[in-house]
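The values are calculated or read from the model by the stated rules, or taken from the named source; none is laboratory data. Bear in mind that the values here come from a model prediction, so they are computed numbers and not experimental data. Note that each Cβ is placed from the backbone with ideal geometry, even for glycine, and that neighbours are counted across all protein chains shown.
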Amino acid sequence: MMRSLFSGVSGLKTHQTKMDVIGNNISNVNTVAFKSSATTFSDIMYQTTQQASGASGTRGGTNAKQIGLGVTNGATKVSITSSGAAQSTGDALDIRLTDSKSTNFFIVNNGAQNLFTRAGSFYIDGMGNLAMTTTGYIVQGWQVDPQNPASIIKDTVSPLRVMKSENLTSAPEATTAANFAGVLDKNDSQFNSTGGYVRSFTLFDNLGYSYTAKFSIKLQDGTNGIYTVELTSVLDQDNNDILKKYTSQSDGSGGSKSLSDIFGTDIIVSKSYKALSDDYKFTTTDPAAGTGDIKMTSGTKTYTYNATDKAFVNDADSTDVLPLTVVCGLSAEDMAKNIEISYKDENTLAIKSPSIGYNLKFDPKEGTLMYAGKDAKSGGKSLVMNSSLLGPSDEKAAISDIEIDFSKLLNYDNGGTSTAVANKGIPDGVTMRGEGRKLGTMTGLSIQTNGEIYGSYSNGNTVLLGQIAVAQFANASGLLEMGDNCYNTTLNSGDFDGIGIDISADGSSMNTGQLEMSNVDLSSEFTDMITTQRGFQANSRIITVSDTLLEELINLKR
């Protein structure tokens, strides 16, 4: 009778414990990454009033006589390997762990020891560390290899201080490559101008200062696809032409430094010039060869070309002089050169002038570039702009030499419109090689599915800042719940080696902009609540009935 009384008490206590677990599960139904628990009952030891006996030749054996002494909480099991549903937040620092074969945990440090969590709600604290929003515990991971910034050293985990001072900016890079691409149409009116078809690109030096390099593409022979490209200026941020400054310096032998040191070689540029007035008509003593004395008529006047003055002089009045700038628009710059003119037709003169640049030769049949350089012997389609010479001569120049690729230029009929452009960098697959960058400031963080953290910068650069490591355990259910969504190791969970693993090693991943929800199933919890309530009621009846029996026993004595 007393045994049943205490069995009922044990039943009440055990069902109350189960109710406590159910209540904790339901209260945490919206707790990020909460793992529900379940209790398992176990009967208590038995009182044996008679041992079992074996069978004999004349009679059978008897079973032991035992009386149970109640129930106890056999185990409380955490459903830690069951993932909760995904909750979208849109926050780049919210991370949900997606498991493939093993249960993964973030590694966080509370200042004294490493703990483990599934709650991936993180933020950047005042020291620039990636930390838990709820506790401030610092997320642990691997650091970038200082010898190779594009790789990670997977060693003992340490705090991920992604916003440290050296990560707030991205160092500038000098431009080392550029390219020309698009269509050159010989019928483009820009080729008739003195300056030619002008293209430019922006480049950076090693300190992040920007410059603008301007080029002039000029038509030489449209039928045979011959053009020239000349570097005309390199302007700094203050609009000073450092190319002009270079060519004005002494070369040490009484002359000036040559533009050919920077870009180009001595070439002869030939261009056709139309007469600026319909009244101007050209003739020559040898029109078939285009040579001989070149004369020009204007109304009733006859002029003869004077090579010394680079002008047409009136045969009847030597004071009546028409320079080539007036006759055909020759520039003052070309007027200063040692030019040669020849007859082309009655309206056109062909003028050859020495220049510094490179030839661009296109295939007359295919329209593709055959070579870029002085002549066909050069064979290549890339040229070098020796930009470093533009810097101070007594120290290493911040501006670098630049390889310029012309292979993407085409020579097609495009309705009289050229579409060629110049850009820094050379396409290298999906990236641009050698385009250079100015100093960049951090504009954002992103986390890849393997936990790698990248910083985005205003100069377009993306830099690897570290990698979030994860921990796996042989028996994740054996971890000790520490509160605050954190767990610690026990003798039955397995140890943490201090290094962790790459989450992608077994096909698992990290999904940003999401959090793992609680895995509490309310339907199961309410069902368990009903059975627990009925169990508690039944055990209370055991105590009530036992008390009634005791009362009857006491009433035997009147």
Review point. Can you pull out the residues in the range 258-302 that are under 30 Å from residue 244 (Cβ atoms), among the small types (Gly, Ala, Ser) and not in a helix (DSSP H, G or I)?
Key: 258, 264, 270, 272
Practice item. Considering only the range 205-219, state which residues are more than 38 Å from the chain's Cα centre (by Cα) and within 19 Å of residue 404 (Cβ to Cβ). Key: 218
Practice item. Note down all Cβ pairs under 9 Å where the first residue falls in the range 437-466 and is crowded, with 19+ Cβ neighbours inside 10 Å, the second is among the β-branched types (Val, Ile, Thr) and in a loop (DSSP other than H, G, I, E, B), and they're at least six residues apart or on different chains. Key: 437/175; 453/162; 455/162; 465/162; 466/162
Point to revise | Only one of 325, 308 that is farther than 18 Å from residue 222 by Cα, out of contact with any strand residue (DSSP E or B) (no Cβ under 6 Å at 6 or more places or on another chain) and in a helix (DSSP H, G or I) | key: 325
Practice item. Answer yes or no: is there a residue in the range 401-413 that is in contact with a helix residue (DSSP H, G or I) (Cβ under 6 Å, 6 or more places away or on another chain) and touching a residue at least 24 places away in the same chain (Cβ under 8 Å). Key: yes
Review point. When you scan the range 477-517, how many residues do you find that are at negative phi and under 35 Å from the mean Cα position of the chain (by Cα)?
Key: 20
Review point. Which one of these does residue 383 not meet: (1) more than 29 Å from residue 420 (Cβ to Cβ); (2) surrounded by 15 or more Cβ atoms within 10 Å (Cβ to Cβ)?
Key: (1)
Review point. Residue 422 is checked against (1) touching a residue at least 60 places away in the same chain (Cβ under 8 Å); (2) closer than 22 Å to residue 149 by Cβ; (3) in a strand (DSSP E or B) and fails just one. What number does that condition carry?
Key: (2)
Review point. Under 7 Å by Cβ, and 6 or more places apart or on different chains, what pairs join a residue from the range 236-261 that is exposed (fewer than 10 other Cβ atoms within 10 Å of the Cβ) with one that is of a type outside the set (S, T, N, Q)?
Key: 237/209
Revision key, fill the gap. Note: among 189, 151, 193, just one is assigned by TED's automatic domain parsing to the domain that holds residue 460, surrounded by fewer than 18 Cβ atoms within 10 Å (Cβ to Cβ) and either more than 30 Å from residue 361 (Cβ to Cβ) or more than 19 Å from the chain's Cα centre (by Cα) (or both), namely 151
Review point. How many of the residues in the range 487-521 are surrounded by fewer than 18 Cβ atoms within 10 Å (Cβ to Cβ), assigned to a strand (DSSP E or B) and among the β-branched types (Val, Ile, Thr)?
Key: 1
